[in-house]
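Have a look at the structure below, then the notes.
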Amino acid sequence: MLSDRRIHIVDGKIASVTAWQSADGPAAVDWSSYTVLPGLIDLHTHIADGSVGSSDPTDPLKHREAATILKAVPAAKAMLRAGFTTVRDVGVYRGLTDVSLRDAINAGEVEGPRMFVAGAYITIPGGGGSVAGPKVPTPAEFRLGEVRNAAEAQKRTRYLLEHGADFIKLIATGAVLTLGGVPGAIELTPAEMKAACDEAKAHGSYCIAHAHGAEGIKAAIRAGVRTIEHASFLDAEGIELAKRHGVWLDMDIYNGDWIEEVGTREGWPAEYLRKNRETTDVQRRGFTAAVKAGAKMTFGTDAAVYPYGLGGHQFAYMVRYGMTPMQAIQSATTEAAKALGKEGQVGTLAAGAYGDLVAVKGEPLTDIRTLEHVQAVMKEGRLVR
């Protein structure tokens, strides 16, 4: 915590952070009436899907590839303008569209956050990473990560990394917002998950695991994943295993309320709503237990389930369920940067880091909800809003 700072940004990166001296001349951008933080990081988004939660499980099949990417453009803009300058986009149904969006942002053709992308889902046929369950035929681009054994898991992992993915997303258990499948049930086998993790490491990358069920969480940790996503039925053994293996827990504890309210009002499939009710409260209890136990925690919201740009609402939930405001902020800055393997580059205001900054009115350490209303955003030294 520092006050009266001058942050000097050169060629998109922070050159120095020094005490303010008026003799140094006026600031190009004066945020002296704000609290300034590093650009925020959301480690669980679905920007490249380009759509907010739909009641139609076949919705991704009803758009051409170009339409999918075009729908993602305003989503990327909304995320950046909400203060999330870096995201980990954790999977698309139509394979590799996230690679295209990331590359367009990097080229300056699209306004959006710095993206790290999965390329597709490593999933069993008809599993939690399938667009609409086992009874709906899907084109090949929707099955880029479909596997039936460990050899195929290795092969699909290699394919995705060689075609632009930054990391690999494993669908270890069933999902909530799919028809068919049980969130708590293991889908990928331990051997398939280990084959994918070993191949990712050989490419200098890593795997993360969508895992709701307690046994799926533990199997994924033993297989070698870096982060566990959702962790709805996390138990004490899973928490200790995560601590022992240095695995981060990335738990989206905000969107359950959104699904209940909006999904009920708009008539989402009854199966969606039932599975959401079965996972929301138990997930929050697990979150509290993990915080109390000192597990490593990161900030991930599942943006796309709710409208893009509202991710800041999760901070208050994290505080309500056990974190201090500082811990919640760190989950979306320093801890998220470590989980990305980008410590010192993002999530910090220090020399050598990207010039990613956000400004808010008030003091987040006394009112965490100030992060729901980001007033200004800078990415790589360029004022976004």
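The values are calculated or read from the model by the stated rules, or taken from the named source; none is laboratory data. As the structure is a computational prediction, the values presented were derived from the model and not from experiment. We place every Cβ from the backbone using ideal geometry, glycine too, and count neighbours over all the protein chains shown. The protein model used for the area step is the full one, side chains on, heavy atoms only, and it has no ligands, DNA or RNA in it. Shrake-Rupley method; radii C 1.70, N 1.55, O 1.52, S 1.80 Å.
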Completion exercise
Interchain or sequence-distant (5+) residues whose placed amide H lies within less than 5 Å of the amide H of Lys13 are Gly355
Fill in the blank from the handout: Rounded to a whole number, the Stokes-Einstein D of segment 174-233 in µm²/s (Kirkwood radius over Cα pairs; 25 °C; 0.890 mPa s) is 212
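Once you list every other residue whose beta carbon is under 15 Å from the beta carbon of Asp198, what net charge do they have if Lys and Arg are +1 and Asp and Glu are -1? Present the calculation step by step, with values, prior to reporting the outcome.
On the way: positive: Lys155, Arg156, Arg158, Lys194, Lys201, Arg222, Arg226; negative: Glu152, Glu192, Glu199.
My count for the surroundings of Asp198 gives +4.
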Practice task
Measure of size requested: the Rg and Dmax of segment 161-290, with Cα atoms as the atom set and Å as the unit; please supply both.
Solution key: 15.1, 47
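Calculate the translational D of the chain in whole µm² s⁻¹ from Stokes-Einstein, where the hydrodynamic radius comes from the Kirkwood formula applied to all Cα pairs, the temperature is 4 °C and the viscosity 1.567 mPa s.
Calculated translational D: 62 µm²/s.
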Handout entry: Point-charge dipole on Cβ atoms (K/R +1, D/E -1) for the chain, about Cα centre, debye to 20
Key = 320
Handout entry: Values of log10 I(q)/I(0), in the order q = 0.14, 0.16, 0.31 Å⁻¹, for segment 68-112 under a Debye, Cα-only, solvent-free model
Key = -0.29, -0.38, -1.34
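Please calculate how many Å² of accessible area the chain carries per residue, with a 1.4 Å probe and no DNA, RNA or ligand atoms counted.
Numbers: 15400 Å² over 385 residues.
Heavy-atom SASA per residue in the chain reads 40 Å².
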Practice task
Of all alpha-carbon pairs in segment 1-132, indicate the percentage at a distance above 21 angstrom.
Solution key: 52
Practice task
Would you calculate a helix-derived [θ] at 222 nm for the chain, using -39,500 (n - 2.57) for each DSSP H run of n ≥ 4 and dividing by the full residue count, to the nearest 500?
Solution key: -9500 deg cm²/dmol
Practice task
In whole Hz, with x marking every Gly and Pro, tabulate ³J(HN,Hα) for segment 102-117 from phi via Karplus 6.51 cos²θ - 1.76 cosθ + 1.60, θ = phi - 60°.
Solution key: 4, 5, 5, 5, 4, 7, x, 8, 9, 7, x, x, 5, 10, 10, 10
Practice task
Starting from 0 in steps of 10 Å, tell me what percent of the Cα-Cα pairs of segment 303-385 lands in each bin.
Solution key: 17, 44, 37, 2
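State the three equivalent ellipsoid semi-axes of segment 233-292, derived from the C-alpha gyration tensor as the square roots of 5 times its eigenvalues, in descending order and whole Å. Could you put the intermediate results ahead of the total?
On the way: eigenvalues 157, 19, 15 Å².
The three semi-axes for segment 233-292 are 28, 10, 9 Å.
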Completion exercise
Excluding ligands, DNA and RNA, the carbon-plus-sulfur percentage of the accessible area of the chain with a 1.4 Å probe reads 51
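Test of understanding: express the Cα radius of gyration of segment 119-228 as a ratio to 2.2 N^0.38 Å, with N the residue count. All intermediate terms of the calculation are to be shown ahead of the outcome.
Values: Rg = 12.5 Å, N = 110, 2.2 N^0.38 = 13.1 Å.
Ratio of Rg to 2.2 N^0.38 Å for segment 119-228: 0.95.
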Problem - By average C-beta atoms within 10 angstrom, highest first, the peptides 95-101, 340-346 - result: 95-101, 340-346
Problem - Centroid-to-centroid separation of segment 329-351 and segment 1-39 [C-alpha atoms, Å] - result: 19
Fill in the blank from the handout: Per the rule of 0.36 nm per residue minus the C-alpha distance, extending Ser33 to Lys243 adds in nm 71.6 nm
Completion exercise
As straight-line cross-link partners of Lys155, the qualifying lysines (C-alpha separation under 18 Å, not fewer than 8 residues apart within one chain) are Lys169, Lys194, Lys201
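At a temperature of 37 °C and a viscosity of 0.692 mPa s, determine how fast segment 13-85 diffuses translationally according to Stokes-Einstein, using the Kirkwood radius over alpha-carbon pairs as Rh; express D in µm²/s, rounded to the nearest whole number. Spell out each step's value before the answer.
Details: Rh = 16.0 Å.
Result for D is 205 µm²/s.
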Exercise for the section: First check a/c for segment 220-366, with a ≥ b ≥ c the square roots of the eigenvalues of its C-alpha gyration tensor; if it is under 1.5, answer rounded, and if not, answer prolate when a/b is larger than b/c or oblate otherwise. Expected result: oblate
Fill in the blank from the handout: For Glu187 the rounded accessible area (nearest 10 Å², probe 1.4 Å, non-protein molecules ignored) is 30
Problem - Shape box of segment 273-324 [Cα atoms, principal axes, largest first, Å] - result: 31, 26, 17
Exercise for the section: Express in Å², to the nearest 10, the accessible area of Trp20 obtained by rolling a 1.4 Å probe over the protein heavy atoms while all chains stay in place. Expected result: 100
Problem - Options Ala82, Gly25, Pro60, ranked by Cα towards positive dipole end of segment 1-144, top entry (Cβ charges) - result: Pro60
Fill in the blank from the handout: Percent antiparallel among DSSP beta bridges confined to the chain, rounded to 5, stands at 40
